[in-house]
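First up is the structure itself, then whatever we jot down about it.
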Amino acid sequence: MAHASVLAGRPLGGMVPDPALLTPARETALVRADARPQAACRERWRKIPSWRNAWSVLSVWLQAALVLGLAVWWANPVGYVLAFLLMGRTQAQLASLMHESAHRLLFADRRLNDFTGRWLLGYPAYTSTDAYRRVHMAHHRQEFGPDEPDIPLYAGYPITGASFRRKLVRDATGRTGFKLLRAQLAGFRSPDRRVRRTLWKIVAVQALLLAAAVVAGRWWLYPVFWLLPYLTVWRVINRLRSIAEHGGMDASADRRATTHSVRQSCWARTFLVPFNIGWHLAHHVDAGISMRHLPAYHRALHEAGYLTPELEYRDYRTLWRALRSGSPGSHAPAPRST
């Protein structure tokens, strides 16, 4: 079977760093020469802080209720616009926590982990957590391998500025979201009973959210501030985050050639990459480390020389600028920290 990127006519590897920059790591007290954690650190960093994660899940829903409550109370167009944008952030938060659940790192108790991942995170965000787990584990087994599910999203970079803008316009206007939603709803005709049952569970959760809006006397809160932000704002966030993770990279045994590294800022952690999902290279070097410990692991990779300033973008804007800096298939220069 031909590689997905070949079928699409969109090459990979246009953003891979110069191989001369991929120098071996030094063994330290925290990481080994292969950049994996030392045994004692690995045990500590893999420990799941269930109570803290429970608060994270609860805080997302409390924030959503507060945003909507303030918007209704203020009843001002400015407030409605802000609420609309912030509810896209809520979708990003749900997705980040669902990602942690898919890795079974959200709760130490597997049943609680899977229940929360499905009913409080995945289904409210129109997602089957179990289906996501299957394709996401394929992504981790071999980035850009034959089973990579997201190659159409990552291939062809760097692209032209005009192409970049067209993609974001499609996302922001809901064209991407509605297209994907229609494809998802087609699953009701699937011969696979599991697919149909999961879709009905998603519908049931959405019905509960709509019912909550009706009980609150504001039925329009659901379509305007839940469904539409998912189809628009979340789609923009998802693309910007996804291409910042793997856009233009290629298959390699060295994770520095498959995954970008970006310095994390407060605004990025708040709106784009919540719950430490932005330390993505560390996550790919060892996908079993809890999200709480990824910043420490990232620092350890720097101390070991596995990550250097030349391999890390100073911020997301710099990386997005590089991603839209050329024609499809052209090779981007290595990232610089200055």
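See the values below:
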{"item": "Solvent-free Debye scattering, log10 I(q)/I(0), computed from the Cα coordinates of the stretch 198-338 at q = 0.18 Å⁻¹", "result": "-1.03"}
{"item": "Additional length obtainable on full extension of the chain from residue 317 to residue 109, 0.36 nm per residue less Cα span", "result": "71.0 nm"}
{"item": "Sites residue 72 and residue 131 - FRET efficiency at Förster radius 22 Å, r taken between beta-carbons, to 0.05", "result": "0.05"}
{"item": "Total charge dipole magnitude, the chain, about the Cα centre, Cβ charges on Lys, Arg, Asp, Glu only, Debye to nearest 20", "result": "840"}
{"item": "For the chain, calculated [θ]222 nm from helices alone, where every DSSP H run of n ≥ 4 adds -39500 (n - 2.57)", "result": "-16000 deg cm²/dmol"}
{"item": "Qualifying chymotrypsin sites (Phe, Trp or Tyr not before Pro) for the stretch 150-230 [loop in DSSP, other Cβ within 10 Å: at most 11]", "result": "220"}
{"item": "Estimated FRET transfer efficiency (residue 215, residue 119; beta-carbon r; R0 22 Å; 0.05)", "result": "0.70"}
{"item": "Computed over the stretch 190-338: relative contact order in percent, which uses C-alpha pairs under 8 Å that are six or more apart", "result": "17"}
{"item": "Residue order for 325, 56 - accessible surface, 1.4 angstrom probe, largest first", "result": "325, 56"}
{"item": "Degrees separating the helix 175-185 axis from the principal Cα axis of the chain, which is the longest one", "result": "70"}
{"item": "Equivalent ellipsoid, the chain (semi-axes from 5 times Cα gyration tensor eigenvalues, Å)", "result": "33, 24, 20"}
{"item": "Ratio of the Cα radius of gyration of the stretch 1-131 to 2.2 N^0.38 Å, where N counts its residues", "result": "1.49"}
{"item": "Using alpha-carbon coordinates, inclination of helix 294-303 to the longest axis of the chain, degrees", "result": "10"}
{"item": "Note, ³J(HN,Hα) from phi for the stretch 78-95, Karplus 6.51, -1.76, 1.60, rounded to Hz, x at Gly and Pro", "result": "4, x, 5, 5, 4, 4, 4, 5, 5, 6, x, 4, 4, 4, 5, 5, 4, 5"}
{"item": "Where trypsin sites (Lys or Arg not before Pro) in DSSP loops with at most 14 other Cβ within 10 Å are excluded, longest remaining stretch of the chain", "result": "48-335"}
{"item": "The stretch 100-139 - percent of accessible surface contributed by carbon and sulfur, probe 1.4 Å", "result": "59"}
{"item": "Farthest positive-ward along the chain dipole, Cα basis, beta-carbon charges - from 91, 178, 258", "result": "178"}
{"item": "Accessible area per residue, Å², the chain with all protein chains present, probe 1.4 Å", "result": "48"}
{"item": "Residue 62 - accessible surface, heavy atoms, 1.4 Å probe, Å² rounded to 10", "result": "90"}
{"item": "Three semi-axes of the equivalent ellipsoid, the stretch 138-271, Cα gyration tensor, whole Å, largest first", "result": "31, 21, 15"}
{"item": "Cα lying deepest toward the dipole's positive end in the chain, options 229, 246, 13, charges on Cβ", "result": "229"}
{"item": "Per-pair calculated FRET efficiency, R0 = 25 Å: residue 81 and residue 169 via Cβ, rounded to 0.05", "result": "0.85"}
{"item": "The chain: angle of helix 193-215 to the longest principal axis, Cα-based, in degrees nearest 10", "result": "60"}
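The values are calculated or read from the model by the stated rules, or taken from the named source; none is laboratory data. Bear in mind the structure is a predicted one, so any value in this text is a computation, not a measurement. When we count neighbours, we look across all protein chains shown, and the Cβ atoms used for this are built from the backbone with ideal geometry, even at glycine. Each accessible area value is taken on the protein alone, full model and side chains, heavy atoms only, with ligands, DNA and RNA left out. Shrake-Rupley method; radii C 1.70, N 1.55, O 1.52, S 1.80 Å.
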